[in-house]
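A.B. asks: My structure is below; once you've seen it, I'll send some questions.
The values are calculated or read from the model by the stated rules, or taken from the named source; none is laboratory data. Owing to the predicted nature of the structure, the values given are computational and were not obtained by experimental measurement. Here the Cβ positions follow ideal geometry from the backbone for every residue, glycine too, while neighbour counts run over all protein chains shown. Protein only, heavy atoms only, side chains kept; ligands, DNA and RNA dropped before computing areas. Shrake-Rupley method; radii C 1.70, N 1.55, O 1.52, S 1.80 Å.
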Amino acid sequence: MGTGSRLAAAEAFRRSVEAIEQGRLIHRESTTDKEFHFQNWFGDRLRELDLPFEAGGRNSYPDYRMVQSTDGFEVKGLAYPGRDATFDSNSQMPSGFHNARTIYYVFGRYPARPDGDSYPVLDLVICHGDFLNAAHDYQHKNKNVKAFGSYGDIMIRDRKMYVVPTPFRLIEGAAHHQTLVLPDAHHPGAGFLELGPFVRREAREIVIGYTFDLRSNALTPEKVPNPRAGQEHRFRAWRLRGSSDDPVSLRRFDSSEIELEAADDFIDE
């Protein structure tokens with residue numbers, strides 16, 4: 001990641017923190033706007049920096065693609081209180097690199113039940129995509145199976161959705177603050193305070209496939225030993241000087257919790 005990449009992420013973070021402190025509110029068009037209101041808020045911060053970018057359409061990835069550097073920002077708004085430990089990604093597997101771009105994820109929490117269509121950003125995390133997933137070789141593709149059903153004319157779409165832990169689940173001390181997470185070797189520049197390093201280690205096994213039995217509705221993963229098992233990926237957390245210096249650390253994480261959280265979140269109300 002070059003100097004331009006660090007500058008774009010750090011300056012976008014700086015401007016976002018300033019906007020929060022200045023009381024710049026999220027504005028939603030209506031109560032049916034459940035996806036783009038925080039994304040638009042972050043886009044306004046990029047415009048204020050006069051950083052040229054291209055905005056993607058629905059289901060495109062990432063949401064914002066910078067023009068003068070090979071950076072991209074994927075934006076995730078999270079209602080609080082509510083589901084903020086995991087998020088759904090149905091357009092791309094999270095990663096720090098995609099299509100020759102460095103990818104940053106922007107997470108902002110906002111009130112779940114505001115009293116109007118304008119409300120504040122409660123807290124913010126911008127993190128390098130490698131913090132969520134360090135694998136860069138996976139290619140996301142949706143496939144299909146034909147000739148299903150009694151007449152053999154129904155198609156089953158294999159449309160993948162990835163349920164991913166958010167930094168608010170992964171990091172102790174992220175809630176109610178604004179935090180920037182970068183790979184260990186990268187410094188955001190002047191005006192930032194380092195709050196501490198942390199390490200994510202690759203798992204012993206990786207999933208390389210799965211099968212689904214339509215008779216029993218059983219989904220069975222196929223796993224192999226991870227050739228990079230135990231490899232360490234080091235990151236550091238930063239805040240602007242003058243912000244809170246409360247420490248941050250990596251939480252202990254049990255991957256089985258993702259299944260339970262996702263199951264609860266997908267119950268129809």
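A.B. asks: What residue among Pro94, Pro227, Pro81 shows peak mean-square fluctuation when the chain is described by a Gaussian network model with Cα springs under 10 Å?
C.D. replies: Greatest mean-square fluctuation among the candidates belongs to Pro227.
A.B. asks: In debye, nearest 20, what is the charge dipole magnitude of segment 148-239 about its Cα centre with +1 on Lys and Arg Cβ and -1 on Asp and Glu Cβ, if you could check?
C.D. replies: The dipole of segment 148-239 has a size of about 100 debye.
A.B. asks: Also, quick follow-up: How would the chain be classified by its alpha-carbon gyration tensor: rounded, prolate or oblate, with rounded meaning a/c under 1.5 and the a/b versus b/c comparison settling the rest?
C.D. replies: Prolate, since a/c reaches 1.5 and a/b exceeds b/c.
A.B. asks: A further question on this structure: Heavy atoms only, probe 1.4 Å: what % of the accessible area of segment 28-160 goes to carbon and sulfur, would you let me know? Before the final figure, lay out each step's value.
C.D. replies: Working: 3200 of 6890 Å².
The C+S portion of the solvent-accessible surface of segment 28-160 is 46 percent.
A.B. asks: Under 20 Å between alpha carbons: how many lysine pairs meet that in the chain, if sequence neighbours fewer than 8 apart on the same chain are excluded?
C.D. replies: 7
A.B. asks: Using only the Cα atoms of segment 76-135, build the gyration tensor, take square roots of its eigenvalues as a ≥ b ≥ c, and label the shape rounded, prolate or oblate: rounded if a/c is under 1.5, else prolate if a/b is larger than b/c, else oblate.
C.D. replies: Prolate shape, in that a/c is at least 1.5 and a/b is the bigger ratio.
A.B. asks: Per residue Cα convex hull volume for segment 1-128, in cubic angstrom?
C.D. replies: Considering the Cα atoms of segment 1-128, their hull volume per residue is 104 Å³.
A.B. asks: Now for a different question. Select from segment 18-78 those trypsin sites (Lys or Arg not before Pro) which occupy a DSSP coil region and have at most 15 other Cβ atoms within 10 Å, ordered by residue number.
C.D. replies: Lys34, Arg58
A.B. asks: Give the calculated FRET efficiency between Lys143 and Ser255 to the nearest 0.05, with a Förster radius of 35 Å applied to their Cβ-Cβ distance.
C.D. replies: With a Förster radius of 35 Å, E is 0.90.
A.B. asks: Now for a different question. Relative to the compact globular guide of 2.2 N^0.38 Å, what is the alpha carbon radius of gyration of segment 89-222, as a ratio?
C.D. replies: Normalised by 2.2 N^0.38 Å, the Cα Rg of segment 89-222 equals 1.41.
A.B. asks: Under 5 Å between amide hydrogens, which residues at least 5 positions from Ile206 or on another chain qualify, with H placed 1.01 Å from N in the peptide plane?
C.D. replies: Hits under the 5 Å cutoff: Val224, Asn226.
A.B. asks: Once you keep just the Cα pairs under 8 angstrom separated by 6 or more residues, what percentage relative contact order results for the chain?
C.D. replies: Value for the chain: 16 percent.
A.B. asks: Based on the Kirkwood radius over alpha-carbon pairs, what value in µm²/s does the Stokes-Einstein equation return for the translational diffusion coefficient of segment 144-269 at 37 °C and 0.692 mPa s?
C.D. replies: Diffusion coefficient, whole number: 178 µm²/s.
A.B. asks: In Å², what does the accessible area per residue of segment 132-209 work out to with a 1.4 Å probe?
C.D. replies: Heavy-atom accessible area per residue stands at 60 Å².
A.B. asks: Which Cα, out of Phe38, Gly209, Ala174, lies furthest along the positive dipole direction of the chain (beta carbon charges, K/R +1, D/E -1)?
C.D. replies: It is Gly209, whose Cα lies furthest towards the positive end.
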